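Peer 1: Take this structure, written in structure tokens, and hold onto it; I'll ask about it next.
Only the coordinates and a few stated rules stand behind these numbers; no lab work does. Computed from a prediction, not measured in an experiment: that's the story for all the values here. For neighbour counting, all protein chains shown are included, and Cβ atoms are generated from backbone atoms with ideal geometry for every residue, glycine included.
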Amino acid sequence: MEIVRELPLDQILLGEAVRIMRMLPTASVNCIFADPPYNLQLRGELRRPDDSLVDGVDDDWDRFDDFAAYDAFTHEWLSEARRLLRKDGTIWVIGSYHNIFRIGAIMQELGFWILNDIIWRKSNPMPNFKGRRFTNAHETMIWAARGKDSRYRFNYQAMKALNDDLQMRSDWLFPLCTGAERLKNEHGLKLHPTQKPEALLHRVLLASTGVGDIVLDPFLGTGTTAAVARRLSRHYIGIERHPAYVEAALGRVRRVRPAPDEGMTTTPGKREAVRIPFGSFVERGTIAPGTVLRDRMKRAEAVVIADGTIRAGNIQGSIHKVGAEVTHAPSCNGWTFWHFEREGAWLPLDVLRQERTAEG
């Protein structure tokens with residue numbers, strides 16, 4: 001099969017996932033989000049007697065047990081997904097109890113390195129109609145790197161900022177896709193049985209991609225991944241076999257207005273932060289040798305030395321080493337621990353880095 005020489009960026013492709021994936025070049029995408037068909041859906045969409053699509057799950061979903069066929073299909077598309085991911089790329093796969101465990105096992109067999117399983121808790125789950133089981137109120141997402149040695153991207157600080165400055169947990173509470181966001185057909189019925197909420201994809205892409213990254217969704221459905229990627233200034237490639245879904249996704253994406261550049265600035269993580277040695281400020285005269293440093297509570301004191309080290313009594317070393325020594329701690333962030341005086345106010349050394357970064 002002929003390989004596409006140029007990536008079809010920001011396009012939605014009509015066709016079977018595996019066939020089109022095979023046409024794309026190796027190591028060409030940064031991130032993949034996949035909402036593969038459930039086991040039963042290989043034989044068609046499930047409808048209730050009133051011809052409405054099932055949005056929850058009940059006993060009817062267990063009628064199909066052709067696991068060998070489903071496993072072969074899963075192995076096929078995941079193999080292509082791993083080929084398409086760049087070395088440091090990551091993949092998200094979402095599913096229910098019907099398929100996610102089989103998918104996870106196959107991912108491990110193929111060499112993916114599982115980073116987290118995320119539980120999407122639905123605040124408004126569909127009820128269990130027969131009353132014979134617990135209401136199925138969650139789906140599971142597997143987040144995995146291409147391999148064990150991948151230096152994958154995780155925007156930790158952005159996730160922490162999104163969660164009111166608390167570490168983001170692995171259980172995410174979102175409602176099902178409802179209201180104006182839910183796409184309908186000409187009869188006013190739900191167009192897609194499992195349309196995902198945009199808030200869920202916003203968090204996924206914000207956590208694991210950067211501006212300009214390429215996101216692939218091999219089972220695009222009605223275009224949630226593409227719409228959110230466009231809004232966040234990421235490139236997208238969508239694959240969908242259902243013509244009506246492709247048409248809806250195209251219209252949906254056209255209505256999205258990407259955020260301006262200033263709206264794309266997120267809280268930098270440690271990898272994105274500019275590394276500036278403390279000694280460079282001494283060299284430039286920004287902070288002079290002999291300057292007294294103190295901790296916020298003014299319990300510890302040190303003096304800046306001309307070579308960029310600091311001295312507290314008989315202890316001399318980097319701002320981090322001396323900070324750890326005087327606090328009897330295994331480690332210390334000297335940028336935030338040590339303060340210097342400027343115009344009568346005591347400011348953390350980190351102010352110097354922030355000012356340098358702002359200068360460009």
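Peer 1: Round to the nearest 0.05 the FRET efficiency obtained for THR357 and LYS130 when R0 = 45 Å and r is the Cβ-Cβ distance.
Peer 2: It comes to 0.15.
Peer 1: Roughly what % antiparallel, to the nearest 5, for the DSSP beta bridges in the chain?
Peer 2: The antiparallel proportion sits near 60 percent.
Peer 1: Next up: Please return the longest range in the chain lying between exposed loop sites, taking GluC sites (Glu not before Pro), DSSP loop only, at most 10 other beta-carbon atoms within 10 Å, and leaving the sites out. All intermediate terms of the calculation are to be shown ahead of the outcome.
Peer 2: Numbers: sites that count: GLU2, GLU6, GLU186, GLU343.
Excluding the exposed sites themselves, the longest stretch runs over 7-185.
Peer 1: Here is a follow-up. Given [x] 42, 22, 18; [y] 49, 22, 20; [z] 35, 20, 19, which label gives semi-axes √(5λ) of the Cα gyration tensor in Å as computed from the coordinates?
Peer 2: The listed entry that was calculated here is [y].
Peer 1: Please say if segment 65-189 is rounded, prolate or oblate, where rounded means a/c under 1.5 for a ≥ b ≥ c the square roots of the C-alpha gyration tensor eigenvalues, and otherwise the choice is prolate for a/b larger than b/c and oblate otherwise?
Peer 2: Since a/c reaches 1.5 but b/c is at least a/b, the shape of segment 65-189 is classed as oblate.
Peer 1: Could I ask something else about it? Report, in degrees rounded to the nearest 10, the 0 to 90 angle that the Cα long axis of helix 67-84 makes with the longest principal axis of the chain.
Peer 2: Roughly 40 degrees, rounded to the nearest 10.
Peer 1: Here is a further query. How large is the charge dipole for segment 155-256, taken about the Cα centre, if only the Cβ atoms of Lys, Arg (+1) and Asp, Glu (-1) carry charge, to the nearest 20 debye?
Peer 2: It comes to approximately 180 debye.
Peer 1: Once every DSSP H run of n ≥ 4 in the chain is given -39500 (n - 2.57) and the sum is divided by its residues, what mean residue ellipticity at 222 nm do you get, rounded to the nearest 500 deg cm²/dmol?
Peer 2: Theoretical 222 nm ellipticity from helices: -8000 deg cm²/dmol.
Peer 1: With a sphere of radius 11 Å drawn around the Cβ of ARG257, what net charge do the other residues whose Cβ falls strictly inside it have (Lys, Arg +1; Asp, Glu -1)?
Peer 2: Taking every Cβ under 11 Å from that of ARG257, the sum is +4.
Peer 1: Also, quick follow-up: Segment 69-123 to segment 246-261: how many Å between their Cα centroids?
Peer 2: After rounding, the separation between the Cα centres reads 27 Å.
Peer 1: Oh, and also: At LYS87 and ALA105, where each label point lies 7 Å from the Cα along Cα→Cβ, what is the point-to-point distance in nanometres?
Peer 2: Reported label-point gap for LYS87 and ALA105 is 3.3 nm.
Peer 1: Could you list which residues have their amide H under 5 Å from that of HIS138, counting only those 5 or more apart in sequence or on another chain, with H placed in the peptide plane?
Peer 2: LYS122
Peer 1: Suppose a student asked you for the relative contact order of the chain, using Cα pairs under 8 Å spaced at least 6 residues apart; what percent would you report?
Peer 2: Once normalised by length, the contact order is 16 percent.
Peer 1: Okay, moving on. Taking θ = phi - 60°, what integer Hz values does the Karplus form 6.51 cos²θ - 1.76 cosθ + 1.60 yield along segment 97-108, in sequence order, with x for Gly and Pro?
Peer 2: Working through the residues one at a time gives 5, 6, 9, 5, 6, 5, 4, x, 5, 5, 4, 5 Hz.
Peer 1: Using the Karplus curve 6.51 cos²θ - 1.76 cosθ + 1.60 with θ = phi - 60°, what ³J(HN,Hα) values do you get for each residue of segment 303-320, in whole Hz, with x for Gly and Pro?
Peer 2: 10, 6, 9, 4, 8, x, 8, 10, 10, 10, x, 8, 9, 9, x, 5, 4, 7
Peer 1: Further, regarding this structure: With unit charges on the beta carbon (Lys/Arg positive, Asp/Glu negative), name the residue among SER96, ALA72, PHE154 whose Cα is farthest towards the positive pole of the charge dipole of the chain.
Peer 2: PHE154
Peer 1: Pairs to check: LYS298/LYS321; LYS148/LYS196; LYS87/LYS196; LYS130/LYS190; LYS160/LYS298. Give those whose C-alpha atoms are more than 24 Å from each other in this structure.
Peer 2: Those over the limit are LYS148/LYS196; LYS87/LYS196; LYS160/LYS298.
Peer 1: I'd like the orientation of helix 243-254 relative to the chain: the angle between its Cα long axis and the longest Cα principal axis, in ° from 0 to 90, rounded to 10.
Peer 2: With rounding to tens, the tilt is 30 degrees.
Peer 1: Pop out the ³J(HN,Hα) list for segment 287-296 in order, Karplus 6.51 cos²θ - 1.76 cosθ + 1.60 with θ = phi - 60°, rounded to Hz; leave Gly and Pro as x.
Peer 2: Whole-Hz 3J(HN,Hα) from phi for segment 287-296: 10, 7, x, x, 4, 8, 10, 9, 7, 4.
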